[in-house]
Amino acid sequence: MHAPYRGPRHALPGARALIVTTSHARPGPKGRPTGVFASELTAPYYAFLDAGMQVDLASIQGGPIPVDRESFRWFVIASSDRRFLADPKALGLAERSLRVDEVAFADYDVIFLAGGWGAAYDLGGSTALGRGIGEAWAAGRVVGGVCHGPLGLLHALDVDGTPLVRGRRLTAVTDRQVAQLGIRATPQHPETELRAAGARFESAHALLDVFARHVVVDGRLVTGQNQNCGEETAQRMIAVAGGAVR
């Protein structure tokens, strides 16, 4: 499910990245505990860290970040997940994540919104997250995310007060992938919500969309379609922020 990333890798020493995740751990699709999909946190984390950046983790409520245990199953787990599980510093950051309403978003060069089923419950409804993203955008920062993460853009405003996503090209998990996985219980579906907000939604398709991959760069907005796109999305964000190929 996670094909190796073979594109260019970038360096941006001294810059700062913020990864934002869900805080929703309660039963999600099909009654299972949920949270962030692991690789949508771990892949960008190490892309930013290996670029020489300082990386902070935040969540809607702060504190321990719930990770969907299904994303650690043997046929799904990514190499970045294994690295994360053996990394005491990273695990400590995930246990003590910052709360989004206490974060100065404009202090970061890159804001990355991680997905997973949990994000369908709280990222799209967070006005604090939307306000923070709007502040970062107004300060010229690079913003984006993958899968369900772009739901966190819904409350963000451009400098003229219009919705940030309106008229902009982006991608996220497709309605088709959600339907193919048999998920009907989550409160928000990214493709539906982002189209309704005026985004120019793009996607790729495969026999099963869970195996598709697509990344869209629209100026300082960089988004990836699903869990396959975490590292590529992060690398594209580093490049847009001024990173050099290493």
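The values are calculated or read from the model by the stated rules, or taken from the named source; none is laboratory data. In this text, all values refer to a predicted model and were calculated from it rather than measured experimentally. Cβ: placed from backbone, ideal geometry, glycine included. Neighbour counts: every protein chain shown. Keep in mind that these areas ignore ligands, DNA and RNA; they rest on the heavy atoms of the full protein, side chains included. Shrake-Rupley method; radii C 1.70, N 1.55, O 1.52, S 1.80 Å.
Just to verify a result, which residue in region 14-41, among those that are part of a loop (DSSP other than H, G, I, E, B) and of a type in the set (A, V, I, L, M), is modelled with the lowest pLDDT?
Going through the qualifying residues, I end up with 25.
Quick one: count up the residues across region 42-62 that are outside any helix (DSSP H, G or I) and in contact with a Ser or Thr (Cβ under 6 Å, 6 or more places away or on another chain).
Qualifying residue count, region 42-62: 6.
So which residues in region 47-89 are free of Cβ contacts under 8 Å to residues at least 40 places away in the same chain, in contact with a helix residue (DSSP H, G or I) (Cβ under 6 Å, 6 or more places away or on another chain) and under 23 Å from residue 239 (Cα atoms), if there are any at all?
Hit for region 47-89 is 55, nothing else.
Applying the selection to region 124-146, what residues are closer than 22 Å to residue 231 by Cα and open to solvent by less than 10 Å² (accessible area, probe 1.4 Å)?
133, 136, 142, 143, 144, 145, 146, listed by residue number.
Check whether at least one residue in region 90-110 is part of a helix (DSSP H, G or I) and free of Cβ contacts under 8 Å to residues at least 12 places away in the same chain, and report yes or no.
Yes, that holds for at least one residue.
Just to be sure, is residue 107 in contact with a strand residue (DSSP E or B) (Cβ under 7 Å, 6 or more places away or on another chain), of a type in the set (Asp, Glu) and over 29 Å from residue 211 (Cβ atoms)?
Yes; evaluated as a whole, the condition is true for this residue.
For region 173-210, give me each residue that is without any contact (Cβ under 8 Å) to a residue 60 or more places away in the chain and on the phi > 0 side of the Ramachandran plot.
198
More than 17 Å from residue 231 (Cα to Cα) and open to solvent by less than 20 Å² (accessible area, probe 1.4 Å): does that describe residue 31?
no
Where residues in region 164-186 are part of a loop (DSSP other than H, G, I, E, B) and at pLDDT below 95, which of them is most open to solvent (accessible area, probe 1.4 Å)?
Once the filter is applied, the top-ranked residue is 184.
Can you name every residue in region 126-163 that is closer than 18 Å to residue 188 by Cα, polar (S, T, N, Q) and not in a helix (DSSP H, G or I)?
126, the sole residue that qualifies.
For residue 121, only one of the following conditions fails: (1) open to solvent by 50 Å² or more (accessible area, probe 1.4 Å); (2) part of a loop (DSSP other than H, G, I, E, B); (3) closer than 20 Å to residue 38 by Cα. What is its number?
Of the numbered conditions (1) open to solvent by 50 Å² or more (accessible area, probe 1.4 Å); (2) part of a loop (DSSP other than H, G, I, E, B); (3) closer than 20 Å to residue 38 by Cα, the odd one out for residue 121 is (2).
Of all the residues that make up region 195-246, how many are under 18 Å from residue 112 (Cα atoms), out of contact with any Ser or Thr (no Cβ under 8 Å at 6 or more places or on another chain), open to solvent by less than 50 Å² (accessible area, probe 1.4 Å) and assigned to a helix (DSSP H, G or I)?
Qualifying residue count for the region: 8.
For the list (1) surrounded by 15 or more Cβ atoms within 10 Å (Cβ to Cβ); (2) farther than 21 Å from residue 12 by Cα; (3) out of contact with any Asp or Glu (no Cβ under 7 Å at 6 or more places or on another chain); (4) not β-branched (Val, Ile, Thr), I need the number of the one condition that residue 151 fails.
So the condition that residue 151 fails would be (3).
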